[in-house]
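**Q** Dropping the structure in here first, questions after.
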Amino acid sequence: MGLLGLIIPLEGGGEEGSHWPPGVHSFDPKPLFPDAGMDWLNTYLLQAVIGTIIVIVMWLWVSKDQKVVPGFKQWCGEQLYNLVRNGIGRDALGHDYKKFTPYLVALFSFILVNNLFGQFFLTMFPTFSRVGYAYALALLTWLLYNGVGIAKHGLGGYLKMMTMPKGVPPLLYIIIIPLEILSNFIVRPVTLALRLFANLFAGHLVVIVFVVGGTMLLEQTSFLYKIAGGASLLMAYPIFALEIFVGVLQAYIFTVLTAQYVASSLAEDH
Amino acid sequence: MTTILEIDLGPLLPAFPEFVAGIVLFGIIYYVMAKVVVPRFEETYAERAAEIQGGIEKAEMAQAEAAEALERYRDQLAGAREEASTIREEAKTQGAQILAEMRTQAQSEADRILATAKMQIEAERVQAVQSLRTEVGGLATDLAGKIVGESLDDDERARRTVDRFIAELESSSGERV
């Protein structure tokens, strides 16, 4: 390890060797104070808190002292803000997009920063590879789109709109209603959470395999093992790039789908 | 591994503190977004839109003003041209009038001068005729007397008498003048 450990960041360092092969246990939380009995106070929570602080500070800094004619900093902030406000919110929601802009911007930036933590050398773990965080955001989105739907159409009207699509013969309601309930109230939030979680979980698992496996191969005495280990470590970099892409994409998708679900709840007829 | 409904959820089983942390942290971010960040951006956008709209309106106003000024200028120019032409026209007619007046005046003056000259000549003629009339009578009688007084047989004498008479006549007419 030695020098290599400085160049190539590894989670857990050398002790990872004893956990080979990588798996679900690689994602086990590491309590900050292992002897204090506060297992919930772990690295993931710290990461999520730091991510929250980064997101808030970044947006406050970018939006500070705004001018009608923007400087470079403000221009960059506006590009990101417009991506969510116009590219996601306005596209999906039409004229009432402004009400949901704060939610969408918060969602996108929170997921994005936490996903990029997976490739950041000090953290090296995407927060959403812990399913609890993904469930949390999915639940909030579920509450949001159902809430605005009920607020607009009333409970009965909303349920009718969501479960009894127009243009379907009443005879088919026997099949359609359970399907729509399953699709709109159960599958939507679950897939939302699992898509985010699974992408980051699997992606990070691949990173671990390449980096830790490569390191272990490099430490072997056999020359061929060393070559294979070097190649594996080099391969880790394209994987990192891919993971950055996946992280950005998943943040985008989660936000787009949230906007879509809200739009479908607000629609005049489904 | 904990199980729910006898199913092993594996990594899909959430840790409850994480679930709560996710909601709380996201709530904080949402609060800051809704209260501070999004209003800031929207305010700037609204301001920008207003400014652009105001700028367009201002430009339109300036354009209208310029068009109006141009129209006014054109009107003025046309007016000035018209005025100039009327003045020219007037001057022309006036000039002709003056010329005609002068001509008639000169004519009348000439007529007047001619008339007075004629009158003077006539008066002088009348005077001459009058004086002739009075003198010719006397002269004729004088001459006749002289011719008769002298001897008519002496040709030399008669000739001298006539000559003398004529000389007298000449001298008297020279005195009279």
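Derivation of every value follows stated rules applied to the coordinates shown; laboratory data play no part. This one's a predicted model, so the numbers in the text were calculated from it and none came from an experiment. Heads up, the Cβs are rebuilt from the backbone with ideal geometry, glycines too, and the neighbour counts pull from every protein chain shown.
**Q** Just list whichever of B:K92/B:K118; A:K30/A:K64; A:K30/B:K35; A:K64/A:K99 have alpha carbons separated by over 29 Å in the model shown.
**A** Numbers: B:K92/B:K118 38 Å; A:K30/A:K64 37 Å; A:K30/B:K35 35 Å; A:K64/A:K99 21 Å.
Distance filter (> 29 Å) returns B:K92/B:K118; A:K30/A:K64; A:K30/B:K35.
**Q** Please identify, among B:L143, B:L77, B:L12, the residue showing maximal mean-square fluctuation in a Gaussian network model of chain B using a 10 angstrom Cα cutoff.
**A** Maximum fluctuation in the GNM of chain B, among the listed residues, is at B:L12.
**Q** Pairs of Cα atoms under 8 Å, at least six residues apart: use those to get the relative contact order of chain A, whole percent.
**A** The value is 24 percent.
**Q** Follow-up question, since we're still on this one. Using only Cα atoms, what is the ratio of the radius of gyration of region A:197-243 to 2.2 N^0.38 Å? Walk me through the numbers on the way to the answer.
**A** Values: Rg = 11.5 Å, N = 47, 2.2 N^0.38 = 9.5 Å.
After normalising by residue count via 2.2 N^0.38 Å, the value is 1.21.
**Q** Using only the alpha carbon atoms of the protein assembly as shown, find the Kirkwood hydrodynamic radius as the inverse mean reciprocal pair distance, in angstroms to one decimal.
**A** About 32.2 Å for the protein assembly as shown.
**Q** Let me ask another. Could you tell me how far the Cα centroid of region B:60-117 sits from the Cα centroid of region A:50-104, in Å?
**A** 74 Å
**Q** Working only with C-alpha atoms, what are the Rg and Dmax values of region A:179-221, expressed in angstrom?
**A** Cα radius of gyration and Dmax of region A:179-221 are 18.0, 60 Å respectively.
**Q** Could I ask something else about it? What translational D, rounded to a whole number of µm²/s, comes out for region B:15-176 from Stokes-Einstein when the hydrodynamic radius is the Kirkwood one over Cα pairs, at 37 °C and 0.692 mPa s?
**A** 111 µm²/s
**Q** Against the longest alpha carbon principal axis of chain B, how many degrees, from 0 to 90 and to the nearest 10, is the axis of helix B:16-32 turned?
**A** 20 degrees
**Q** Return A:I54, A:I111, B:I166 ranked ascending by Cβ neighbour count within 10 Å, so the fewest neighbours appear first.
**A** B:I166, A:I54, A:I111
**Q** A:N42's amide H: which non-local residues (gap 5+, or another chain) put their own amide H closer than 5 Å, with H modeled 1.01 Å from N in plane and none for Pro or chain starts?
**A** So A:N42 has HN proximity to A:L32.
**Q** Just want the ordering: A:T215, A:T163, B:T93, from fewest to most Cβ atoms lying within 10 Å of their own Cβ.
**A** B:T93, A:T163, A:T215
**Q** Using the 10 angstrom Cβ neighbour count as an exposure proxy, how do A:H153, A:H95, A:H25 rank, fewest first? Could the numbers behind the result be given before it?
**A** Numbers: A:H153 18, A:H95 6, A:H25 9.
Going from sparsest to densest Cβ surroundings: A:H95, A:H25, A:H153.
**Q** Right, next: Between 0 and 90 degrees, rounded to the nearest ten: what's the tilt of helix B:155-176 against the longest Cα principal axis of chain B?
**A** 30 degrees
**Q** Here's a follow-up. What trypsin sites (Lys or Arg not before Pro) in region A:141-207 are in a loop by DSSP, with at most 16 other Cβ atoms within 10 Å of the Cβ?
**A** Answer in residue order: A:K166.
**Q** Taking only the Cα atoms of region A:165-270, how large is their convex hull per residue, in Å³? Numbers along the way, then the final one.
**A** On the way: hull volume 12.8 nm³, N = 106.
Measuring per residue, one finds 121 Å³ for the Cα hull of region A:165-270.
**Q** Continuing with the same structure: Quick check on packing: order A:76-86, A:177-187, A:33-43 by the mean number of other C-beta atoms within 10 Å, highest mean leading.
**A** Final packing ranking: A:76-86, A:177-187, A:33-43.
**Q** Could I ask something else about it? By how many degrees, between 0 and 90 and to the nearest 10, does the Cα long axis of helix B:38-149 differ from the longest principal axis of chain B?
**A** Long axis of B:38-149 versus the principal axis of chain B: about 0 degrees.
**Q** Lysines within cross-link reach of A:K166: Cα-Cα under 24 Å, excluding same-chain residues under 8 positions apart?
**A** A:K166 reaches A:K152.
**Q** Using modelled amide H (1.01 Å from N, peptide plane; none on Pro or chain starts), what sits under 5 Å from the amide H of A:F117, excluding residues fewer than 5 places away?
**A** Amide H neighbours of A:F117, under 5 Å, 5+ apart: A:T127.
**Q** Still on this model: Over all directions, how big on average is the projection of the convex hull of the alpha-carbon atoms in region A:3-266, in square nanometres? Intermediate results must be reported in sequence, preceding the final value.
**A** Values: hull surface 79.3 nm².
The number I arrive at for region A:3-266 is 19.8 nm².
**Q** Let me know the mean shielding of A:57-66 by other chains, meaning the per-residue number of their Cβ atoms within 10 Å of its Cβ. Walk me through the numbers before you get to the answer.
**A** Numbers: counts 1, 1, 8, 4, 0, 3, 9, 3, 1, 7.
Mean partner-chain Cβ count within 10 Å for A:57-66: 4.
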